[in-house]
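A.B. asks: Quick one: structure below, then a few questions.
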Amino acid sequence: MNNKNPKWHAARAALRLAKYLTTVGLALAAALSATLAVTEAAHAQAAPAAANGKIPVVAAENFYGDVVQQLGGDRVDVTSILSNPDQDPHLFEASPKTARALQHASLVVYNGADYDPWMAKLLAASQNAKRTVIVVADLVGKKSGDNPHLWYDPATMPAVARAVSAALTAADPAHKNAYDANLARFIESLKPIDAKVAALHARYAGVPVTATEPVFGYMSDAIGLDMRNLRFQLATMNDTEASASDIAAFERDLREKRVRVLIYNNQATEALTKRMLKLAQQSHVPTMSVAETEPAGKNYQQWMLTQLDALGVALAAGDNAGGKGKTQ
């Protein structure tokens, strides 16, 4: 979000994780202690490749795992931890199985910015000097308190791809040319996303929209949309109660059609979100869903383009429905 927006907090993840972190943490610690006691010597001599000759990689989120797969091809063995599009990622519970996958990984990629705080805990419990860890938030200059949905920023994946390519080359220098070629191909494949963002910006910059959560925030900023009801979004993300005045403002925007589109997180449709969706339907305000997990059957590029196309359709429908804001 831009500098006018409030600070984004990690309270939502902390509140939801607090219910189980203690018990899960104890279970993980016990499992790791037993496992590491047997494999301590092996860790000291950890090799960059697995027994099958592939580089073992763990990605906390499946869209980062997808990028690694595109860059590494058949030379990587990728495990993505968060991969269920029907699950709220904030409710994810780490397990000893997750810890074991991390234990053997030569490369780990995770979001950071407190989106996946369990990763840092697991990595600390499974030390491996030969393991490379890429924290996406560090790559793009984000920190705890910033909007953590970094993969919706068009600038993020090129930075991730370059860092991953460098890590794969360091682990497997014999195939540097292949990794370089895959990187060039991947960067080229992002151009349609940039072109779609530019086209939407040209037509809809300044148009008011709203959202139940800031999942799409970085992409909204790139398009130049005027995002409203930020305090409401922050409360939803942090799993706290929105104020009566913020709820009233959100409802007024929908009833009076002060916004062209309502964007919502289809993996976290709680009672208040459902209430706003119903009001939008009654007020003939188009809605558009976004997700926090890459859907099955699509790669990152297809996923982003599908959502941008859906946004374009919703904005055009808002035009036809007479929504207020910038007109053409």
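Derivation of every value follows stated rules applied to the coordinates shown; laboratory data play no part. If you're wondering where the values come from, they're calculated on a predicted model, not measured in any experiment. Please note: Cβ atoms are built from the backbone with ideal geometry, for glycine as well, and neighbour counts cover all protein chains shown.
A.B. asks: Give the residue list of GluC sites (Glu not before Pro) in the range 164-251 that are DSSP loop and have at most 13 other beta-carbon atoms within 10 angstrom. Walk me through the numbers on the way to the answer.
C.D. replies: On the way: sites: 188, 241, 251; in loops: 241.
The qualifying sites are 241.
A.B. asks: Let me ask you something else. Could you give the length gained by full extension between residue 306 and residue 281, i.e. 0.36 nm per residue of separation minus their alpha carbon distance, to one decimal place?
C.D. replies: Values: separation 25, 0.36 × 25 = 9.00 nm, distance 2.19 nm.
Using 0.36 nm per residue and subtracting the Cα-Cα distance, I get 6.8 nm.
A.B. asks: Quick check: pseudo-label points 7 Å beyond the Cα along Cα→Cβ at residue 176 and residue 120, how many nm apart are they?
C.D. replies: 3.4 nm
A.B. asks: Short version: ³J(HN,Hα) in whole Hz for each residue of the range 215-226, in order, from phi by Karplus 6.51 cos²θ - 1.76 cosθ + 1.60 (θ = phi - 60°), x for Gly and Pro, what are they?
C.D. replies: Taking θ as phi minus 60°, the curve returns 4, 8, x, 5, 5, 4, 4, 4, 6, x, 5, 8 Hz for the range 215-226.
A.B. asks: Find how much the distance from residue 226 to residue 185 grows on full extension, using 0.36 nm per residue of separation minus their present alpha carbon separation; answer in nm with one decimal.
C.D. replies: Numbers: separation 41, 0.36 × 41 = 14.76 nm, distance 3.34 nm.
Separation in residues times 0.36 nm, less the Cα-Cα distance, equals 11.4 nm.
A.B. asks: Rounded to whole Å and ordered largest first, report the semi-axes of the equivalent ellipsoid of the range 205-328 derived from its Cα gyration tensor (root of 5λ). Mind showing how you got there, number by number?
C.D. replies: On the way: eigenvalues 88, 71, 32 Å².
Semi-axis lengths for the range 205-328 are 21, 19, 13 Å.
A.B. asks: If you don't mind, there's one more thing I want to ask. Does the range 118-219 classify as rounded, prolate or oblate by the C-alpha gyration tensor (a ≥ b ≥ c root eigenvalues; a/c under 1.5 gives rounded; else a/b over b/c gives prolate, otherwise oblate)?
C.D. replies: Working: a/c = 4.15, a/b = 1.38, b/c = 3.00.
Oblate, since a/c reaches 1.5 and b/c is not below a/b.
A.B. asks: If I model a spin label at residue 252 and residue 52 as a point 7 Å from the Cα along the Cα→Cβ vector, what separation in nanometres do I get?
C.D. replies: Placing both labels 7 Å beyond Cα along the Cβ direction yields 5.9 nm.
A.B. asks: What spacing in nm lies between the two simple spin-label points modelled at residue 296 and residue 271, each 7 Å away from Cα in the Cβ direction?
C.D. replies: A separation of 3.2 nm, rounded to one decimal place.
A.B. asks: Amide H of residue 133: which non-local residues (sequence gap of 5 or more, or other chain) have their own amide H closer than 5 Å, using H built in the peptide plane?
C.D. replies: 108
A.B. asks: Calculate, in nm to one decimal, what residue 205 and residue 243 gain on full extension: separation in residues at 0.36 nm each, minus their alpha carbon distance.
C.D. replies: Details: separation 38, 0.36 × 38 = 13.68 nm, distance 2.88 nm.
Value of the extension gain: 10.8 nm.
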